[in-house]
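S.K.: This is the structure I have questions about; it appears just below.
The values are calculated or read from the model by the stated rules, or taken from the named source; none is laboratory data. Not measured: the values here are computed from a predicted model. FYI the Cβ positions are ideal-geometry reconstructions off the backbone, even for glycines, and counts take in every protein chain you see. Keep in mind that these areas ignore ligands, DNA and RNA; they rest on the heavy atoms of the full protein, side chains included. Shrake-Rupley method; radii C 1.70, N 1.55, O 1.52, S 1.80 Å.
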Amino acid sequence: EKKLMKNIVVENLSSFDHISQKEVMQLNFKGFNVVSIINWCEMVLHRIPLNFLEAEELLNFFSNVNRNNSFQIRLKRIGDIFFSMILILLLLPLLIFFAFLIYFEDRGPIFYFQKRVGKNGKNFNICKLRTMNINAEKDGIQWSQKVDSRITKVGKFLRSTRIDETPQLFMVLCGDMSLIGPRPERPEIDETLKEKIPFYELRYLVKPGLSGWAQVNYPYGSSINDSEAKLTYDFFYIKNFSSWL
């Protein structure tokens, strides 16, 4: 008869007394699989909720990034350069075509440059195809909404297909970004998020990405709550970083 493995999820084993800890450990010999709640979230949800993060768990993030600083990081960089060059060559005709459409719609600039926060909290400039009106931020910096009246007709298509992001491939070649990683945020919004969201600075451990685990698993977000939810996926990526992932 096949024996089925049963899972027991433990939120905080260190809060148990010594006798209870020994009893939990003995369960492993009785056919139970005892896992921490963070490991369960990683296995089942593929993300790490912030409310389960403990201070000692932060060491796992640092050790994982440091451990991968050699072969995995170099391999990823080689992949970034190789695939970015291929994508630029393939998409160049498309970029030129949409550059003309952007210009002829309102005679404004084709490209839009913006400061973003990168690895180790350092600022860098990203370049995107312009998707908003020329005076989109005349009233100050705002969250970009999924349905936004400032977006041009051409811009709606560019955003829905993510073609507006393709000039960032040059940022990947320069080494400021990677193809995969947490999406870089604007410094002004970033300061707010650091104040509101615990452990937010952990996303600075790796290079920001053109796309990322959060973008694949979470819909378009434009609020602090959305940023917090996306961060749980970024944490999973940082802790479990590998070329395969």
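S.K.: Using the structure shown, decide if residue 137 is acidic (Asp, Glu) and either modelled with pLDDT under 90 or crowded, with 21+ Cβ neighbours inside 10 Å (or both).
M.R.: For residue 137, the condition - acidic (Asp, Glu) and either modelled with pLDDT under 90 or crowded, with 21+ Cβ neighbours inside 10 Å (or both) - is met.
S.K.: Name the residues in the stretch 160-178 that are assigned to a helix (DSSP H, G or I), surrounded by 16 or more Cβ atoms within 10 Å (Cβ to Cβ) and hydrophobic (A, V, I, L, M, F, W, C), would you?
M.R.: Passing the criteria: 163, 169, 171, 172.
S.K.: Test residue 165 against the criterion of being within 19 Å of residue 81 (Cβ to Cβ) and among the acidic types (Asp, Glu), and give yes or no.
M.R.: Taking the combined requirement at face value, the residue satisfies it.
S.K.: While we're looking at this one, here's another question. Might you check whether a residue that is surrounded by fewer than 18 Cβ atoms within 10 Å (Cβ to Cβ), at pLDDT 90 or above and farther than 15 Å from residue 127 by Cα occurs anywhere in the stretch 227-239?
M.R.: Looking for residues that are surrounded by fewer than 18 Cβ atoms within 10 Å (Cβ to Cβ), at pLDDT 90 or above and farther than 15 Å from residue 127 by Cα, one finds at least one in the stretch 227-239, hence yes.
S.K.: Output yes when any residue across the stretch 30-37 is modelled with pLDDT under 75 and among the hydroxyl-bearing types (Ser, Thr, Tyr), and no when none is.
M.R.: Within the stretch 30-37 (the criterion being modelled with pLDDT under 75 and among the hydroxyl-bearing types (Ser, Thr, Tyr)), the answer is no, since none of the residues qualifies.
S.K.: Right, here's the next one. Of the residues that sit in the stretch 65-104 and are among the aromatic types (Phe, Trp, Tyr) and open to solvent by 70 Å² or more (accessible area, probe 1.4 Å), which one is nearest to residue 188 (Cα to Cα)?
M.R.: Going through the qualifying residues, I end up with 103.
S.K.: Looking at (1) open to solvent by 30 Å² or more (accessible area, probe 1.4 Å); (2) part of a helix (DSSP H, G or I), which one does residue 198 not meet, given that it meets all the others?
M.R.: That leaves (2) as the condition not met.
S.K.: So which residues in the stretch 179-204 are of a type in the set (Asp, Glu) and closer than 19 Å to residue 51 by Cα?
M.R.: Residues satisfying the conditions are 195, 201.
S.K.: Regarding the stretch 207-221, can at least one residue be identified that is modelled with pLDDT of 90 or more, over 15 Å from the mean Cα position of the chain (by Cα) and outside any helix (DSSP H, G or I)?
M.R.: no
S.K.: Can you pull out every residue in the stretch 38-64 that is open to solvent by less than 30 Å² (accessible area, probe 1.4 Å) and either of a type in the set (S, T, N, Q) or at pLDDT 80 or above (or both)?
M.R.: Within the stretch 38-64, 38, 41, 42, 48, 49, 50, 64 meet the criteria.
S.K.: What do you reckon, is residue 181 open to solvent by less than 40 Å² (accessible area, probe 1.4 Å), closer than 14 Å to residue 236 by Cα and in contact with a strand residue (DSSP E or B) (Cβ under 6 Å, 6 or more places away or on another chain)?
M.R.: yes
S.K.: Quick one: count up the residues across the stretch 105-124 that are open to solvent by 80 Å² or more (accessible area, probe 1.4 Å), at pLDDT 90 or above and more than 20 Å from residue 161 (Cα to Cα).
M.R.: Residues that pass the stated criteria total 4.
S.K.: Cβ-Cβ distance below 6 Å, separation of 6 or more or different chains: which pairs start in the stretch 16-37 with a residue that is among the small types (Gly, Ala, Ser) and end on one that is in a strand (DSSP E or B)?
M.R.: Every condition considered, the pairs that remain are 36/10.
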